[in-house]
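One structure is given below, encoded as structure tokens.
The values are calculated or read from the model by the stated rules, or taken from the named source; none is laboratory data. Since the structure is predicted, the reported quantities are computational estimates derived from the model, not experimental observations. Ideal geometry is used to build each Cβ from the backbone, glycine not excepted, and the neighbour counts take in all protein chains shown. What goes into the accessible areas is simple: the full protein's heavy atoms, side chains included, and nothing from ligands, DNA or RNA. Shrake-Rupley method; radii C 1.70, N 1.55, O 1.52, S 1.80 Å.
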Amino acid sequence: MTWINLRRAVQLLFGLFCYGFAIGLMIQAHLGVSPWDVLGQGAAGQTGISFGVASILIGALVLLLWIPLRQKPGIGTVLNVLLVGPSAEVCLALVPEPGQLWGQVLVFTGGLVLLAAATGLYIGARMGPGPRDGLMTGMHGRFGWPVWAVRTGIEVTVLALGWALGGTVGLGTVAFALLVGPLVNRALPLFYIPQIPPARG
């Protein structure tokens, strides 16, 4: 394994761990979960399946949307499904629930910023985006729309659907939907690992 490939692998794994940890932080803040988690809650409540199973099924459905966008899953796509959930559980086990409102706001903000950075990390590793982020990058590549606009539009749509299904919505949910797009737009260029052209003989 070359140095650049080792860096990509480490960045991917670290990014996915941070992504799950960030989700755990926002859950512990109790100010509202992210739009995709609202959708997972709503789907679980309507069908009687667990939240984890609902999240997996939603991810599979999102992957189907990759087909018209000509997106191809990579190893990072698979690892996203396998690692993000357990990483969130690590956070829930280690980080206590804040007892005061200022603590809730601080924990939520930290989770939101960490999630945006983590998104830049694992997408920048170029080993395949997660199902949801692949939808974002696919629409950006196919239609040329700005990443921040695509991400914000997706999050707001998912939020509305999840709320209609009975998912939990709070002020933190609204803040996530409105702010994650611009934050991810800033993070992507910071962590992108460019492809090195093959050496010519």
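Of the peptides 62-72, 8-18, the order by per-residue mean of other Cβ atoms within 10 Å, starting with the highest, comes out as 8-18, 62-72. Most tightly packed first, judged by the mean number of other beta-carbon atoms within 10 Å of their residues, the peptides 76-88, 122-134 read 122-134, 76-88.
Per residue, the stretch 61-201 exposes 56 Å² of solvent-accessible protein surface, assessed with a 1.4 angstrom probe and all protein chains in place. Look at (i) -0.46; (ii) -0.53; (iii) -0.40: the one that is log10 I(q)/I(0) by the Debye sum over Cα atoms at q = 0.10 Å⁻¹ derived from this structure is (iii). With the full set of protein chains in place, find how many percent of the accessible area of the chain is carbon and sulfur; take the probe as 1.4 Å. Ligands and nucleic acids excluded, carbon and sulfur give 71 percent.
Computed over the chain, relative contact order equals 38 percent, with contacts defined as Cα pairs under 8 Å that lie 6+ residues apart. Phi angles of the stretch 131-145 translate, via the Karplus equation with coefficients 6.51, -1.76, 1.60 and θ = phi - 60°, into HN-Hα couplings of x, 6, 6, x, 5, 5, 5, x, 5, 5, x, 6, 10, x, 6 Hz per residue; Gly and Pro are given as x.
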